[in-house]
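The values are calculated or read from the model by the stated rules, or taken from the named source; none is laboratory data. It should be emphasised that the depicted structure is a prediction, and the values quoted were computed from it without experimental measurement. Note: ideal-geometry Cβ built from the backbone for every residue, glycine included; neighbour counts use all protein chains shown. These accessible areas exclude ligands, DNA and RNA; they are computed on the full protein's heavy atoms, side chains included. Shrake-Rupley method; radii C 1.70, N 1.55, O 1.52, S 1.80 Å.
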Amino acid sequence: ESKRRGKYTYTFYSNDLVDVVRYRLFIEQGLRKALTEQSITAHWQPIVDGHSGQVVGVEALCRWIDKDVGMVSPDAFIPVAEETGLIQSIGLHMLRESCMLLKLLDERGFSGIRVAVNVSGAQLKDSEILDALNEIIQDCQINPAHLEMEVTESTLQSENAAMLLWQIRQTGVNIAIDDFGTGYSSLSRLAEMAVSKLKIDRTFVDSLGTDSRHQIIIEAIINLARSLGLLITAEGIETKEQWHYLRDKGVHSMQGYYFAKPMPLNDLLRYLSDNKDGNHNLF
Ligand code: C2E
Ligand code: MG
Ligand code: MG
Ligand code: MG
């Protein structure tokens, strides 16, 4: 097993083209198998209200649990999945899991909580996702307003993807821009788009207090979101200081290890019942 892990790490960090190709093939074959064996699953990270600390949302984060390698990070396999087209199946699977969670939360009396799912630009090249969405909303009988799709800024640059997002928005599903500030945004498109939330990337949060330029960027993002009437979530909150700083600047909701790490379903359900009235230990 350790040999495998070694090889795996080695190929991933190598710049040698042969190694890169071999790594991709290794991941691609593994992913295909994982999809049929259902070892691709969602972990869930709570998102809390900036003021009360109450859980207002949950983000679905894809996990590949391999019996030899263990847990594979999405950063290692999502890019390969995008290149090979496997992202379509993974994306639909994650969408289905997200809707099933919404239904479960509703049944358990946690009905105000939103579920956010990441959607790759590669999933917005045709309308398969829209058809699937309509079908799943029907099947699961969920309120589409409780579902959120996270896309990155670069997605908005494609005319087709922007149009499709607009149609998705018409179903009632919310659109959030993930990792905001790290890509290229067409600000005019942001304004005319179906977007309802910006998520400040964690690289900015991370360097609060050490990099004053990042502080300026964060303030600019907050002002932009506010003038466009968009909600703001900050990602990657690891300290009370970061949380309080961002809360006082007007960030609505917070996500990060300070509050909770991504966790499997059973842990999430326990976390939600333990923190029904907010978590007073946080303050
Ligand atoms: P993302 O959508 O921006 O998700 C947030 C990432 O930040 C997650 O990493 C999460 O575990 C991590 N994170 C949250 N709070 C903290 C913190 O306080 N400190 C630190 N150091 N990290 C924190 P993860 O789960 O490894 O996912 C990485 C990326 O992979 C995601 O970034 C997203 O772009 C992509 N991804 C994950 N699941 C999916 C999926 O189902 N579909 C697609 N298309 N992409 C996905
Ligand atoms: Mg995300
Ligand atoms: Mg993000
Ligand atoms: Mg990210």
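Values as computed for the structure displayed
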quantity: Residues (crowded, with 20+ Cβ neighbours inside 10 Å and in contact with a Lys or Arg (Cβ under 8 Å, 6 or more places away or on another chain)) located in the range 151-160; calculated: L156
quantity: Any hit, the range 251-271, residues being surrounded by 17 or more Cβ atoms within 10 Å (Cβ to Cβ), at pLDDT below 95 and of a type outside the set (S, T, Y); calculated: no
quantity: Subset of the range 222-238 that is open to solvent by 10 Å² or more (accessible area, probe 1.4 Å) and touching a residue at least 12 places away in the same chain (Cβ under 8 Å) - its residue that is farthest from S185 (Cα to Cα); calculated: E238
quantity: Scope the range 162-180; condition within 18 Å of R114 (Cβ to Cβ), crowded, with 17+ Cβ neighbours inside 10 Å and either away from ligand 4 (no atom under 16 Å from the Cβ) or free of Cβ contacts under 8 Å to residues at least 24 places away in the same chain (or both); matching residues; calculated: L165, I168, R169, V173, N174, I175
quantity: Single residue of the range 136-150 satisfying the filter (in a helix (DSSP H, G or I) and over 9 Å from N174 (Cα atoms)) that is nearest to ligand 4 (Cβ to nearest atom); calculated: I136
quantity: The lone exception for A145 - which of (1) open to solvent by 20 Å² or more (accessible area, probe 1.4 Å); (2) at pLDDT 95 or above; (3) within 15 Å of ligand 1 (Cβ to nearest atom) it fails; calculated: (3)
quantity: Meets criteria (without any contact (Cβ under 8 Å) to a residue 24 or more places away in the chain and either open to solvent by 40 Å² or more (accessible area, probe 1.4 Å) or in a strand (DSSP E or B) (or both)) for T41; calculated: no
quantity: Hey, L104 open to solvent by less than 20 Å² (accessible area, probe 1.4 Å) and part of a helix (DSSP H, G or I) or not; calculated: no
quantity: Filter result (more than 16 Å from ligand 2 (Cβ to nearest atom) and farther than 14 Å from V151 by Cβ) within the range 163-205; calculated: Q170, T171, G172, L187, S188, A191, E192
quantity: Single match in I217, I222, I232 (criterion: in a strand (DSSP E or B) and touching a helix residue (DSSP H, G or I) at 6+ places or on another chain (Cβ under 7 Å)); calculated: I232
quantity: Selection status of E135, over 30 Å from V20 (Cβ atoms) and open to solvent by 40 Å² or more (accessible area, probe 1.4 Å); calculated: yes
quantity: Failed item, numbered, when R189 is tested on (1) among the basic types (K, R); (2) open to solvent by 50 Å² or more (accessible area, probe 1.4 Å); (3) assigned to a helix (DSSP H, G or I); calculated: (2)
